[in-house]
Structures are given as C-alpha cells and as structure tokens.
Amino acid sequence: MNIQTTITRANDGTALTTPTPRRLYVASLAAYNNGIHYGKWINVSTNPAVMQLEITNMLAVAPVAGDEYTIHAHEGYPEGVISEYAGLDTIAEIESLLTDEPNDPTLAMMVLSDLCGDLDHTRKILDNYIGNYPSVEHFAEDYWCLALAATPAEILPHVDLESLVNGEVLTGNLRIYNLVVDNEDCYHVFANC
C-alpha cells in the first residue's frame, strides 16, 4: 500500500512528533558573523508581533549590535518545514494552521511535512478531507460502495480493494496518511487537489 506517512502516537494520546509549545532558536546574525554564538529559544506564536518582540529584546542585549537574526534550530516541526530565514509571518501562518486544524494537529503536520512546507497546498489538501478509517479496506468499501453494489456476487471475491485504492493514490487522486494511536491504525484519507 502506498501510504504517504505513518506517525505513531504514544498510548496516552500525546503526539510523539509535535511537542507543545513549538519553539525556535533565534540567533543574532551580527554576533554570529563575529564568531559569537548568541541567541535564545522562543515559543512560536500565531502572532508574528509577539515573536518579533522576543527577538528584538534578545537582539537588544546581544554582545554585538545588530538587528538581523537567523533561525538556528526548531522543535516541533519536521525538517524542511521551517527554514533558516523563514519569515515570522510564515511561521505564524504555519502555527495557525496547526492550532486551528479541527481533526488533529499531528495530521496537519504530516501533510505539511509531506508537501515540504507548502502552506497553500496543505490547506487545499486539509480542506478535502474525506474521513478516517480503521483500514484501507474499510475506506475502499465506502469509496466504491455504489460500484460494488452493482457488481455481480460471483465477481466480488476477485475484486482487490487495496489495489483499487493504491491505484488512486499512485495516480494522485488520493492521499492517505496512517496515524497509529494506542497501537491501532487510523487511515486519514484526502482527495488530492
């Protein structure tokens, strides 16, 4: 089966991949360029002004004067989602996407990571949520229920539902993400856009 991403969650329901609060390590670029590593961890906010204030305060007491910063590290985001020079507006948008996700922020993070941080495409995919299913076969039965209802009974045992779903994923019509919670699979299905 061609599943985009599988994420396992702890038995207590907390996501192993999305610590809260998510954080950035921002460093003074002037200090860095002078051989001094100086910075601080800040919590990510949906408000860029809040993050900017923390950065401005950090830069005000930096050992080398300057008003430029860089992001040296982050916690709570997969690699490739937050770049070294990501704008605070973009980071705030990503945080809004994750905190506003009605299904599960881990699921939004999976899609965002799969799409290399492309916010617009991630929003489109999340808007095309079909549902969650305990197995790919359960989804396939729902998805093709009308076609299966019209299929003669003697042919039904020869219908490979998993291959039908796999074909839809491979052709780009569907995206399926597996979220494992308490050792139980949950397949989240999206129509691709």
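The values are calculated or read from the model by the stated rules, or taken from the named source; none is laboratory data. Just so it is clear, the model here is predicted, and its values are computed rather than measured. In this analysis, Cβ positions are derived from the backbone assuming ideal geometry, glycine residues included, and neighbour counts consider all displayed protein chains. With ligands, DNA and RNA removed, areas are computed over all heavy atoms of the protein, side chains included. Shrake-Rupley method; radii C 1.70, N 1.55, O 1.52, S 1.80 Å.
The table for this structure:
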item: Derived scalar couplings ³J(HN,Hα) [the range 22-39; Karplus, 6.51 cos²θ - 1.76 cosθ + 1.60; whole Hz; x for Gly, Pro]; result: 6, 9, 10, 9, 9, 10, 5, 5, 5, 5, 4, 5, 9, x, 10, 8, 9, x
item: Most mobile of Thr99, Thr90, Thr151 in a GNM of the chain (Cα contacts under 10 Å); result: Thr151
item: Apportionment of accessible area to carbon and sulfur, the chain, percent (1.4 Å); result: 50 percent
item: Span-rule helices in the chain, defined as complete DSSP H runs reaching 30 Å or more along the axis (Cα) with Kyte mean at least -0.5; result: none
item: Theoretical gain in end-to-end length, Asn47 to Tyr85 [0.36 nm per residue, Cα-Cα removed]; result: 11.9 nm
item: Among [x] 58, 42, 30; [y] 72, 42, 32; [z] 79, 33, 27, the entry that matches Cα extents along the principal axes in Å as calculated here; result: [z]
item: Ala149-Ala65 pseudo-label distance in nm [points 7 Å out on the Cα-to-Cβ vector]; result: 7.6 nm
item: Test item: Cα-centred dipole of the chain, Lys/Arg +1 and Asp/Glu -1 on Cβ, debye; result: 620 debye
item: Accessible-area value, Lys40, 1.4 Å probe, nucleic acids and ligands omitted, Å²; result: 80 Å²
item: Förster-model FRET efficiency, 25 Å R0, Asp100 and Cys193, C-beta, rounded to 0.05; result: 0.85
item: Å² per residue, accessible surface of the chain at 1.4 Å; result: 52 Å²
